[in-house]
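Student: Below is one structure. I have some questions about it.
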Amino acid sequence: VVTRTIEVDKPVVRTVEVPVPVEPQSAPEWAATLEVLATRLAQGRVYRRDMPVLEPAIQHLVDVWIRTANQHR
């Protein structure tokens, strides 16, 4: 009689919820997203240290908005 121990890795299944960013699809969804950003800025929920990262994107948005709006007048 031979006795031996065999170690077997047993798979473990875990469910982890991961937030997935969803891009707004309609004008009302974009408006709501921008409103959330504006509200968080007003409430101080966006750190000052993060503002230099956001500033170029926001400035680009404003520039494109003005240029696009002027084309449709």
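The values are calculated or read from the model by the stated rules, or taken from the named source; none is laboratory data. Given the structure is predicted, the values throughout are model-derived calculations rather than measurements. Ideal geometry is used to build each Cβ from the backbone, glycine not excepted, and the neighbour counts take in all protein chains shown.
Student: I need every pair where a residue in the stretch 33-44 that is at negative phi has its Cβ under 7 Å from the Cβ of a residue that is surrounded by 11 or more Cβ atoms within 10 Å (Cβ to Cβ), sequence separation at least 6 or different chains.
Tutor: Sorted first by the residue in the stretch 33-44, then by its partner, the pairs are T33/P24; R40/V46.
Student: List pairs: first residue in the stretch 6-29 and over 30 Å from W65 (Cβ atoms), second residue at pLDDT 85 or above and not in a loop (DSSP other than H, G, I, E, B) anywhere in the structure, Cβ distance under 9 angstrom, at least six positions apart or on different chains.
Tutor: none
Student: Being surrounded by 10 or more Cβ atoms within 10 Å (Cβ to Cβ) and either at pLDDT 95 or above or not β-branched (V, I, T) (or both), is that true of even one residue in the stretch 9-25?
Tutor: The answer is yes, given that some residue of the stretch 9-25 is surrounded by 10 or more Cβ atoms within 10 Å (Cβ to Cβ) and either at pLDDT 95 or above or not β-branched (V, I, T) (or both).
Student: Mind counting the residues in the stretch 26-52 that are outside any loop (DSSP other than H, G, I, E, B), of a type in the set (S, T, N, Q) and loosely packed, with under 10 Cβ neighbours inside 10 Å?
Tutor: Result for the stretch 26-52: 0.
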